[in-house]
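What follows is one structure encoded as structure tokens, with my remarks underneath.
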Amino acid sequence: MKILIPILGDQLSMSLASLRGVERDAAVVLMMEVWDEATYVRHHKKKIALIFSAMRHFAEALRADGWTVDYVELQAEGNTQSFTGEVQRAAQRHRATAVRVVAGSEYRVLEQQKGWAALTGLPVDILEDDRFVCSLPAFQAWAKGRRELRMEYFYRDMRLQTGLLMTADGKPVGGQWNFDHDNRKTPPRGLNYPAPERFEPDATTRDVLTLVADRFGSHFGDLEPFGLPVTRKQALTSLERFIATALPDFGRYQDAMIAGQDYLYHSSLSLCINLGLLSPLEVCQAAVAAFERGEAEINSVEGFVRQIIGWREYMRGMYWRDMPAFAERNALEATRPLPEFYWTGDTEMRCLAESVGQTKREAYAHHIQRLMVLGNFALLAGIDPKAISDWFLVVYFDAYEWVEMPNVIGMSQFADGGVIASKPYVSSGAYIDRMSDYCGRCRYDVKQKTGPDACPFNALYWNFLDRHEGRLSANPRMKNMYATWRRFDNDIKAAYRQSAATFLEGIEVAAEGWAK
Ligand code: FAD
Ligand code: DLZ
Ligand code: SF4
């Protein structure tokens, strides 16, 4: 009796359901580096190195814990380069009598897993991934029959369920569920910004860096310097550092953007949580403990906890609720190909050049850069949601389809027709100017509305509203914007249309092959 336990690259948790209740000497854990996963989109080099290194370190941790691990490296002889091929091969190699696996986090992978029983002739137990706060059946039950599926109400249920920031008599700590009105400040000049902990690559990571440089050299992004956390111990150090140095100002400055400050007061813990090195609950509990010790205020801690037990859980629920149709959503019928500068950063628009530049360097940009610069531009310009979604999936170290797709297709591109977001997240240059220091160093003038020197976001913004008036003007949250648009006289409207058209015609389209 040998149970084969495949563990996938984002399942790096010792508490994984497939490991629980199994005798170590009756099981073989299978981990596999496969070309299929590294290239279904051509991930950022740093992201591939992160995942391979974290996988190799996790295999060592499992061995130290008494498990037998069969680790198939990318270059191993006979590697079929697919999950399915490797599970079939390992089942034979180990004369397995059963397979036990946690459901893949992505639809594509779960579909493969469903075929394993027929292909191996073995019983295959696909277990629910219980590393989330809200199970998928519980999310379905929450969503069922609701007219509107807004995150805020889901989040309150998660607060009640977890007891995080709740008083003994079931009320939200501080008397409110949400403290965002205290947030969204621009940092004054000269602040001493915290920086995430960086880790010197060990021999395992250095091997992986060589492998990635050799085999994935043409993929997007900078491989080195590489200092990301790749073990649970390093992930815990990153968490501690965030709590001690950045959490106290997380709330206040969470929407700010400063050139050269890639992380500001954000945690960059998404990579650890999504890989399984940290659990979402332990991260929230650490933040709440800092609040209880008086080291961070409620606006920061509540805002942080909301991102994790609110947005993160909600996005996963929405992904599974709507797949596979989600991937095809295009409510605004946007068809423009992705501009080349998303890959090169070569644009005179400072906000985009900075955001793409740091994405290339770090495989990271924070939420507002993703939503209000990179996503906002794509939405205003009418970029095909699939093309921009593939871009987001390639470039970020925390990007897996289950969380990337609802954020991009739903929240950022409004391509689900307004299920996730109640209105499109669009803005003119004024918002970016208010929240960042980008505009001061831009060749465009954020105050000019039209013409060759005007900030392109300005004309694109009005052009977007004009283009979608039929679809969006009835939205109560868009009423003021349309009232303003309608007050413009025809010459002004024509100038906006013309400026937007001239700008869009001049955009260079990305060559094929960057993403797929
Ligand atoms: P912090 O600002 O420190 O936030 C704390 C944690 O909250 C994050 O680590 C993350 O786990 C969670 N979180 C915050 N916002 C969200 C959200 N909207 N959805 C899910 N979790 C959230 N997040 C990903 O993990 N992977 C993605 O591929 C991804 N793609 C995105 C694409 C777009 C267009 C947008 C607008 C957002 C995307 N996000 C994604 C959500 C969010 O931007 C990132 O989770 C966050 O920037 C990660 O950085 P951080 O750890 O410093 O976050
Ligand atoms: C993203 C990724 C990459 C680049 N490579 C691998 C790999 O070689 N082996 C592996 O197990 N996982 C990899 N991953 C992560 C998987 O795509 C991830 O586990 C799926 O999203 C699971 O649904
Ligand atoms: Fe971006 Fe416009 Fe500001 Fe330039 S002026 S940085 S294009 S918002």
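The values are calculated or read from the model by the stated rules, or taken from the named source; none is laboratory data. Owing to the predicted nature of the structure, the values given are computational and were not obtained by experimental measurement. All Cβ positions, glycine included, derive from the backbone under ideal geometry; neighbour counts span all protein chains shown. These area figures cover heavy atoms from the full protein model, side chains too; ligands, DNA and RNA do not enter into them. Shrake-Rupley method; radii C 1.70, N 1.55, O 1.52, S 1.80 Å.
Things to note:
- Exposure ranking of C134, C439 by accessible area [1.4 Å probe, largest first]: C439, C134
- Order by protection proxy (mean Cβ within 10 Å, highest first), peptides 404-412, 55-63: 404-412, 55-63
- Our summary gives the chain a relative contact order of 16 percent, counting only alpha carbon pairs under 8 angstrom and 6 or more residues apart.
- Folded to 0 to 90 degrees: helix 490-505 orientation relative to the chain principal axis, Cα: 40 degrees
- Average projected area [Cα convex hull, the chain], square nanometres: 25.0 nm²
- Cα-derived Rg over Rh, computed across region 438-516 with Rh taken as Kirkwood radius: 1.06
- In degrees, nearest ten, helix 313-322 long axis to first principal axis of the chain (Cα): 90 degrees
- Heavy-atom surface of the chain, accessible at 1.4 Å and reported per residue (Å²): 41 Å²
- By the Stokes-Einstein formula, at 1.002 mPa s and 20 °C, region 267-410 with its Kirkwood radius over alpha-carbon pairs has D equal to 130 µm²/s.
- 10 Å-binned pair-distance histogram of region 92-153 (Cα, whole percent): 18, 36, 27, 13, 6, 0
- Cα-based values for region 64-218, radius of gyration first and Dmax second, are 23.6, 64 Å.
- Distance from the alpha carbon centroid of region 29-70 to that of region 212-268 works out to 20 angstrom.
- The P(r) of region 56-135 has a tail past 16 Å containing 61 percent of all C-alpha pairs.
- Accessible surface ranking that places the most exposed of R150, R441 first, with a 1.4 angstrom probe: R441, R150
- The loop-placed GluC sites (Glu not before Pro) in region 142-205, going by DSSP, that have at most 11 neighbouring Cβ atoms within 10 Å of their Cβ come out as E148.
- For T210, solvent-accessible area (1.4 Å; no DNA, RNA or ligand), Å²: 80 Å²
- Each peptide in 472-481, 3-12, 231-240 was scored by the mean count of other Cβ atoms within 10 Å over its residues; highest first, the order is 3-12, 231-240, 472-481.
- Here the contact order of region 385-516, divided by its residue count and restricted to Cα pairs under 8 Å and six or more residues apart, works out to 17 percent.
- Accessible surface of Y425, taken over heavy atoms with a 1.4 Å probe and every protein chain present, rounds to 80 Å².
- Each listed q (0.18, 0.22, 0.30 Å⁻¹) maps to a log10 I(q)/I(0) for region 375-433 from the Debye sum over equal C-alpha point scatterers, namely -0.60, -0.85, -1.21.
- With DNA, RNA and ligands ignored, accessible area of H94 (1.4 Å probe; Å², nearest 10): 50 Å²
- Placing a label point 7 Å from the Cα of E328 along the Cα-to-Cβ direction, the residues of region 77-107 whose backbone N falls under 18 Å from that point are 107.
- The apolar share of the surface of the chain, taken as the fraction of accessible area on carbon and sulfur atoms (1.4 Å probe, ligands and nucleic acids excluded), comes to 49 percent.
- Cross-link table K47/K233; K47/K386; K2/K386; K447/K516, entries beyond 31 Å C-alpha to C-alpha: K2/K386; K447/K516
- Rounded to the nearest 10 degrees, the angle from helix 350-362 to the longest Cα principal axis of the chain is 10 degrees.
- The shape of region 179-332 comes out oblate: with a ≥ b ≥ c from the C-alpha gyration tensor, a/c is at least 1.5 while a/b does not beat b/c.
- Among the trypsin sites (Lys or Arg not before Pro) in region 171-215, those located in a DSSP loop and surrounded by at most 10 other Cβ atoms within 10 Å of their own Cβ are R189.
- Each Cα pair under 8 Å and six or more residues apart adds its sequence gap; the mean of these over the residue count of region 251-360 is a relative contact order of 20 percent.
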